[in-house]
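Reviewing the structure listed below.
FYI, it's all coordinate maths here, none of it is from the lab. Here the structure is a predicted model, which means the values were calculated and not measured. As a convention, Cβ positions derive from the backbone with ideal geometry for all residues, glycine included, and neighbour counts pool all protein chains shown.
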Amino acid sequence: MIVPDTVPRGTGQPLKGSLKILSRLRGARGALGFAVAALLWIATFAYAGGQGAGATLSTALAFAAFGVIVGTGQMLVIASGSGNFDLSIPSVMTLAAYISMGLMHGQDYRLAGGFAVALAVGAVAGALNFLAIAALRLPPMIATLAWSFVFQSLAMNLGGEATIKPPALLSEFTVFRLGGVQVMPLFVMAMTAVMAVVVKRTVFGRHLLAIGQSERGARLAGIHVTRVRLYSYMLCGIAAAVAGFLLSGFTGGAALNMGDTYMMESVAVVVLGGASVAGGEANPIGIWGAALFFNLLAILLNTFGLDAGVRLLLTGIMVVLIVAVAPRTAGD
């Protein structure tokens, strides 16, 4: 059977061209972070009189690695549907760090056990977040914020105002260089590559994006929405725990304020990285560009000699602007 062509002759090619342009613009959102990060790096290099370009990039990569870890976890939650955010990331980082560092007592031979405990803390925290959302029908932002107070209180009771020192082996790993290249960011890059495969090629990833694009459609297709969302929150908690564990080694110990900067930044790097706050999209690689942008911005502002209050104010304004102008619908 021959189906008649209902498209007026001559309009097919312009239509296809328009679709290609839209597709390219959509992909360009993920490259935006890399572009502005490169501009900031060049500006810092120029302001410093052409000195320290390599050191600046190395420092930005090291600190960006933590933002990428928490941003990747947040990405999974955001991708699961509009309104899904995890605001407990800073407190989960702190709690996992305090518990794991406290159990290890600075002993290298306890490192594997401490890491396993940190992962367990993150998984439980994520499950509790989702339980409050699903069972009590609380909005995700309210549920995760409420649990964040609980997690932070537990951390305060465990460690108080003290900084719990990490094992020497953990500290050495976070700053270890091989051939002049810091290893920890490479470790996080490998994690990003794995996550890119997960969201694009696995059943879980495809189900997650399908739920974010249309929850009703996903249910009709037989996807277990509750289970997939539970996994996304648990993975977000695990990512926060890993970030807290590594950050403890990098900064010299677990501290109560160690995760403060990662609440809104974890959302901003996802959006600037090319995803939509409405869900249904995920771009793990783009998160790197966004995280580099925020850290290079901090380095540049510090180079200008601005005090901490001004740096935080300007960074906060950038976060608000990024989230405000971000696409609101999946697939935009």
Order of 173, 151 - criterion: other Cβ atoms within 10 Å of each residue's Cβ, fewest first: 173, 151
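On average, how much area does the Cα convex hull of the chain cover when viewed from any direction, in nm²?
21.4
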Zone of residue 251's modelled label, taken as backbone nitrogen in segment 275-317 under 20 Å from a point 7 Å along Cα→Cβ: 291-303, 307-317
Full-extension gain in nm, residue 103 to residue 204, via 0.36 nm per residue minus C-alpha separation: 33.0 nm
Most mobile listed residue (174, 144, 72) in the chain, GNM with C-alpha springs under 10 Å: 174
Per-pair calculated FRET efficiency, R0 = 41 Å: residue 47 and residue 149 via Cβ, rounded to 0.05: 0.50
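What is segment 36-175 by shape, rounded, prolate or oblate, if you read a ≥ b ≥ c off the alpha carbon gyration tensor as root eigenvalues and call it rounded for a/c under 1.5, prolate for a/b larger than b/c, and oblate otherwise? Numbers along the way, then the final one.
Numbers: a/c = 2.54, a/b = 1.29, b/c = 1.97.
The shape class here is oblate.
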Dipole axis of segment 52-325 (+1 Lys, Arg; -1 Asp, Glu on Cβ), positive-most option in 140, 289, 91: 140
Which of 209, 313 has the fewest Cβ neighbours within 10 Å, and the rest in rising order: 313, 209
Sites residue 112 and residue 306 - FRET efficiency at Förster radius 41 Å, r taken between beta-carbons, to 0.05: 0.45
FRET E, pair residue 183, residue 136, Förster distance 35 Å, beta-carbon r, rounded to 0.05: 0.25
Least to most buried among 104, 191 (fewest other Cβ within 10 Å first): 191, 104
Rounded to 10°, Cα long-axis angle of helix 140-159 versus longest principal axis of the chain: 10
Two-site label geometry, residue 260 and residue 158: point separation in nm, points 7 Å out along Cα→Cβ: 2.0
